[in-house]
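What follows is a short report on a single structure.
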Amino acid sequence: MSLSEELFRRALRVSPGGVHSPVRAFRSVGGTPVFMSGGGGAMLRDVDGREYLDFCMAFGPLICGHADPRVREAVVSALGRGWSLGTADPYSLELAELVTARLPWVQSLRFVNSGTEAVMSALRVARAATGRARVLKFEGCYHGHADAFLIRAGSGLAGQPEADSAGLPPAVLNDTLVAPLDDIAGLERLFQEEGQTLAAAIIEPLPANHGLLPQRAEFLQALARLCRAHGALLILDEVISGFRLGFGGFAQASGLVPDLVTYGKIIGGGFPVGAYGGRRDLMELVAPAGPVYQAGTLSANPVAMAAGLATLKLLESGEAYRQLEALGARLDAALGELEGVTVQREGSIFWLCFDPAAGPALPLRTPRSIPAGAAAAFKPVFHGLLGQGIYLPPSAFEVSFLSLAHEESHVERLAEALRHTFGRHAA
Ligand code: PMP
């Protein structure tokens, strides 16, 4: 028995599913999760001493790679000053000033401990600002695990919402509406009927939690226009895309101006940080400036702030994004010729959709357009790559990430391993 298998048996006794976040358990790919002991650069190391070229990258925060020495130095130096102050402090100020100086749509922001908290709090602000209860989200978009967001649509706009989780109070089902992506006419109908009841619409402007589903600019602009016309706030959830597609994330790349925006992942450099921010008049509603309560014992933790600041400083000049885009272009070229896999990529985010049947119309923009066989087809590929020392996120619908620690040779290695895996399964 491998050490991973032994540890997993123990973990199952003390934690649900043996893990602390569901995808880590390998349920959707089968087999035993690999227990990783650490990482450096583009590599992960498991407890049995094997090394893996990592394209999961902790699901997005590690844009500089594992244990980047520059981020590490900032963290070690922060540790020397004490790791929790619970006071006003200069470190969160520096990070907040950097973000607000560079991102004009963030006039004011509040640090929290996760993307979930950021989104949950942004919705509370939107409800307070509008005096309305309901929120509109989109099929396939993930916004963390607060009750209001764990719901997707039934069929079509008129369908009863259905919950993705047990344990949600029924009122939540009434207050969350779900619309399909990439459907302007549907959106117009929905706003016509329900627009006046909406506190906010929230969207991942680059949906990256059900595969990678780039949206047409017209669709996002229609959403912004409808929100404005009906007095609903527009919340862009940039937990993945923020500081990833460019320093200003999707908002900067598209010119789309959110009322509120949420960040996570990269903003904490791999430590538990989320942030919500936006228009000053809205953020002034947050306690103690205003009546919307939101607090946190560990919020703006100084070690996490140091990691976030060091990471954002490495990204600030824009050179990092040019490097990542060049590597992404190499990935397109290397994987482009492979049959049976569709590559959707935006900057350093990529998604491999494995489809044993004929290629679908591209690009895929909605969860419904993903070929039905994609999840089943992913399993043998995932394990084929794992056996060759390559770690993809352990789900067909999670996106992969390039980091500044990845090199062209890594991309070539992925292409070669895929070729090898396909060859074996075809044989
Ligand atoms: N929003 C988006 C777009 C996300 O991708 C995630 C997490 N992957 C979240 C919110 C929730 O963030 P967290 O897991 O830090 O709570």
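The values are calculated or read from the model by the stated rules, or taken from the named source; none is laboratory data. This structure is a prediction, so every number in the text was calculated from the model and none was measured. Because the Cβ atoms are built from the backbone with ideal geometry, glycine has one as well, and the counts that use them run over all protein chains shown. To get the accessible areas, we keep the full protein, side chains included, count just its heavy atoms, and leave off ligands, DNA and RNA. Shrake-Rupley method; radii C 1.70, N 1.55, O 1.52, S 1.80 Å.
For Leu181, the residues whose modelled amide H falls within less than 5 Å of its own, excluding neighbours fewer than 5 places apart on the same chain, are Glu139. Between Glu284 and Arg189, the distance separating the two model label sites (each 7 Å from Cα on the Cα→Cβ line) works out to 4.1 nm. Using a Cα-Cα cut-off of under 16 Å, which lysines could be cross-linked to Lys137, ignoring same-chain neighbours fewer than 8 residues away? The reachable lysines, counting only those whose Cα sits under 16 Å from Lys137, number zero.
Cross-link partners of Lys313 among lysines, defined as those whose alpha carbon lies under 19 angstrom from its own and excluding same-chain residues fewer than eight positions apart: Lys265. Within region 149-262, antiparallel bridges make up roughly 20 percent of the DSSP beta bridges whose residues both belong there.
Maximal additional length on extending the Ala163-Ala376 stretch stands at 74.3 nm, based on 0.36 nm per residue less the C-alpha distance. In order along region 26-36, the Karplus-derived 3J(HN,Hα) couplings, from 6.51 cos²θ - 1.76 cosθ + 1.60 at θ = phi - 60°, round to 6, 4, 7, 10, x, x, 9, x, 7, 7, 8 Hz, and Gly and Pro are given as x. Per-residue 3J(HN,Hα) values for region 254-264, derived from phi via the Karplus relation 6.51 cos²θ - 1.76 cosθ + 1.60 with θ = phi - 60°, read 9, x, 5, 9, x, 6, 9, 9, 10, 10, x Hz in sequence order (x marks Gly and Pro). Of the chymotrypsin sites (Phe, Trp or Tyr not before Pro) in region 207-312, which ones lie in a loop per DSSP and count no more than 12 other C-beta atoms within 10 Å? Sites meeting the loop and neighbour criteria: Tyr293.
What the phi angles of region 290-297 give under the Karplus curve with 6.51, -1.76 and 1.60, with θ = phi - 60°, is a coupling list of x, x, 8, 7, 6, 8, x, 3 Hz, glycine and proline written as x. The P(r) of region 290-346 has a tail past 15 Å containing 70 percent of all C-alpha pairs. Here the Debye sum runs over all C-alpha atoms of region 293-427 as equal scatterers in vacuum, and log10 of I(q)/I(0) at q = 0.09, 0.14, 0.17 Å⁻¹ comes out as -0.35, -0.74, -0.95. Note on region 194-289: dipole from Cβ charges, positive end direction compared against Pro288, Gly195, Ile235; the farthest Cα belongs to Ile235.
For region 1-120, a simple Cβ point-charge model (Lys and Arg +1, Asp and Glu -1, everything else neutral) yields a dipole of about 260 debye relative to the Cα centre.
Entry note, the chain: the mean residue ellipticity at 222 nm calculated from DSSP H runs of n ≥ 4, each adding -39500 (n - 2.57), is -11500 deg cm²/dmol after division by the residues and rounding to the nearest 500. Measuring only protein heavy atoms, the 1.4 Å probe finds Arg10 accessible over about 140 Å².
Taking every DSSP beta bridge that has both ends in the chain, the antiparallel portion is near 60%. Close amide H partners of Gly274, meaning residues 5 or more places away or on another chain with modelled amide H under 5 Å apart, are Val112, Asn113, Ser114. Using a 7 Å offset from Cα along Cα-Cβ at Ser21, what residues in region 371-399 end up with backbone N under 14 Å from the label point? Output list for this probe position: 393-395, 398-399.
Dividing the convex hull volume of the alpha carbon atoms of the chain by its residue count gives 146 Å³ per residue.
Heavy-atom accessible area with a 1.4 Å probe sorts Glu117, Glu407, Glu5, largest first, into Glu407, Glu5, Glu117.
Between the residues Gly318, Ser403, Pro302, the greatest Cα displacement towards the positive end of the dipole of region 297-427, with unit charges on the Cβ of Lys, Arg, Asp and Glu, is found for Pro302.
Computed over protein heavy atoms with a 1.4 angstrom probe, the accessible surface ordering of Trp351, Trp105, Trp83, largest first, is Trp83, Trp105, Trp351. Summarising the amide proton neighbourhood of Ile370: residues at separation of 5 or more, or on other chains, whose placed amide H is nearer than 5 Å comprise an empty set.
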